[in-house]
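The values are calculated or read from the model by the stated rules, or taken from the named source; none is laboratory data. This is a predicted model, so every value here is computed, not measured. Quick reminder, even Gly has a Cβ in these numbers, built from the backbone with ideal geometry, and neighbours come from all protein chains shown. For accessibility, only protein heavy atoms count, side chains too; no ligands or nucleic acids. Shrake-Rupley method; radii C 1.70, N 1.55, O 1.52, S 1.80 Å.
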Amino acid sequence: MTPLIIAAAQSISIAGDLAANIVWHQRFMQVAAEQGVQLLVFPELSLTGYERGLAAELAIAPDARVLQPLRDLAREVGVTAVVGMPIRLSEDSPVLIGALVLGADGSLGIYSKQHLHPGEEVAFAPGTGGPTLTVGADTVALAVCADFSHPSHAAAAAQQGAGLYAAGVLITENGYAPDTALLQGYASHHSMAVLMANHGGATGGWESAGRSAIWASGGSLIAAAPGTGNLMVVARRDAEGWQGQIVTVEEA
């Protein structure tokens, strides 16, 4: 079993403040690098908050210059980061819920949420997903929140050879038990590790449950955050299996 270090960034988003959220994302990436993390996944719409009413105003092209500092840092510290952002693929195209893959090699990948929650259609259009990632020797499939509520989505990831299914989400307390049961079930049924990065605080009028988590293939829990707050759930795999750790992320 080849070594792998992954992490869920349980960040608190500041509503509509892209500049401030970029600074926090940079801090998470620095802490991740200190932990040797190779892949760091942020919650759904992490760079703006889950702000449906602001999405059209805040949406940007995936390669917008405003994100260049994050891309530069990813390359500098050697961490591939998956960040949440409302995006437009062209000036006149609809707004999508994007998960942008800022590669440790300087590359840029685009994933767009395929399955919308009821009500999201007022602000967003369904996306088309995206390709799998390669992290070390591992194949990673991405998901954004409601994507994972469709079993066919996780099944397709497994069919593509994914050893890790990584989801950026916004899950409230009421949804936490059924949603995590689904994710743990995918880990067991498809024999792939599953990562869930939830918001660390309230966003868009919703109270996030926090408690981001990572499960091993087979379904056993590696680690879960104890509650809300700016935390990082780190999972390390070596020849002996998985080990988990919770890291508090504070301002520099």
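A few remarks follow.
- Placing unit charges on each Cβ (+1 for Lys and Arg, -1 for Asp and Glu) gives the chain a dipole about its Cα centre, and among Ser208, Tyr165, Gly130 the Cα reaching farthest toward its positive end belongs to Tyr165.
- Here the stretch 4-248 exposes an accessible surface that is 50 percent carbon and sulfur, computed with a 1.4 Å probe and the other protein chains kept in place.
- Length-normalised contact order of the stretch 4-248 in % [C-alpha pairs under 8 Å, at least 6 apart]: 20 percent
- Most to least packed among 144-151, 237-244, 18-25 [average Cβ atoms within 10 Å]: 144-151, 18-25, 237-244
- Accessible area per residue in Å² at 1.4 Å probe, computed on the chain: 40 Å²
- Over the chain: helical MRE at 222 nm, DSSP H runs n ≥ 4 each giving -39500 (n - 2.57), nearest 500: -7000 deg cm²/dmol
- Cα gyration tensor shape for the stretch 25-111, rounded if a/c is under 1.5, else prolate or oblate: prolate
- Net charge of Cβ neighbours under 9 Å - reference Glu120; Lys, Arg +1; Asp, Glu -1: +1
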